[in-house]
1. If the label point is 7 Å along Cα→Cβ of L216, which residues in region 104-148 have backbone nitrogen under 20 Å from it?
2. Can you run phi through the Karplus equation (6.51, -1.76, 1.60; θ = phi - 60°) for region 66-80 and list ³J(HN,Hα) in whole Hz, with x for Gly and Pro?
3. What FRET efficiency comes out for S70 versus A27 if R0 is 22 angstrom and r is the Cβ-Cβ distance? Round to the nearest 0.05.
4. For D170, D65, what ranking results if the residue with the fewest other Cβ atoms within 10 Å of its Cβ goes first?
5. Residue by residue, what Karplus-based ³J(HN,Hα) values in Hz, rounded to whole numbers, does region 159-169 have, using 6.51, -1.76 and 1.60 with θ = phi - 60° and x for Gly and Pro?
6. Fewest to most neighbouring Cβ within 10 Å: what's the order for R60, R199?
7. May I ask you to sort L69, L216, L40, L189 by Cβ crowding, counting other Cβ atoms within 10 Å and putting the fewest first?
8. Short version: what are the Cα gyration tensor semi-axes of region 30-118, square root of 5 times each eigenvalue, largest first, in whole Å?
Amino acid sequence: MMSGVVQRSRSAEGLRGQPDPELRPGALPEPWSGLEWRPLAPVRNRSKPRLFWAAQGERRVVCKDGSALSRWTPLGLYRRLALRREARILQRLAGVAGVPGVLAHWPGGLVMDFVPGRMLTSLPRGDVPAAVFDRLERVVAEIHARGVAIGDLHRRNVLVGDLGEVHLVDFEVAFDEQRGLGRFLARRLMALDRHACLRQRQRFGVPLDARQQALLDSPPAGYERLRRLKLSIRSALGLVKHERGAGRGRGAEAEDEP
């Protein structure tokens, strides 16, 4: 059921075009500059960081490269700040099973562990066992225990391995409850994260017990308002229209939200 896992299958599924084999990241610090980097995904949106992967001995690593991002536009500035936030969040989550470890970071990007698996978006409804969602909830609970709210937990950011192991990727919009605005938002966003886990169970036809159904039927305070606000922000930043897969419309994009 979980066979045929591709290398962090974002590189092949649901994307327009193929990676440019000649593309390479910008200047990297040592020792990362000496690796043979290959594109992990085609460049669909030049306002987003580019993804590359390389082998370092027996280990595979991923570079999230922001060197091509504009320094002078609001979206480019947002993306650069988001990269720095993601590196900080990954450092805070070091050792959490299911979260890639950050190996290096600098103002223009970061290097982290390579995570194999298939996105939940690629798995058919009814073909994902309940144990996968049990693991997802455990990973999310451990992330919350570190004081971090994911804030953007959807199917494209959940990878499932051959044996049903669960990994979460993309922490650009995560909030740390010990820093700035996160002190105000983190607890509310944690409630949204838990609600998103239940929504994934429901979407994939996994039965919910009475407690889970009651929680799903009673969304956290301000749920719809926060959800609409997040969609509006993503739309204003140009994120929604560029993240649609082929044949997907606005309703499908919204449906993928937590």
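Quick note: the coordinates plus some simple rules give every number you see, no bench work behind them. Keep in mind that this is a model prediction, so the values were computed, not measured. FYI the Cβ positions are ideal-geometry reconstructions off the backbone, even for glycines, and counts take in every protein chain you see.
1. Under 20 Å, as judged by backbone N against the label point of L216, lie 120-141 of region 104-148.
2. Values, residue by residue: x, 5, 8, 6, 5, 8, 10, 10, x, 5, x, 5, 4, 5, 5 Hz.
3. Numbers: r = 17 Å, r/R0 = 0.77.
It comes to 0.85.
4. Fewest-to-most ranking of D170, D65: D170, D65.
5. Each residue of region 159-169 in turn: 10, 10, x, 4, 9, x, 5, 10, 10, 10, 10 Hz.
6. Exposure proxy ranking, most exposed first: R60, R199.
7. Ordered from fewest to most neighbouring Cβ atoms within 10 Å, L69, L216, L40, L189 come out as L216, L40, L69, L189.
8. On the way: eigenvalues 90, 51, 30 Å².
Its equivalent ellipsoid spans semi-axes of 21, 16, 12 Å.
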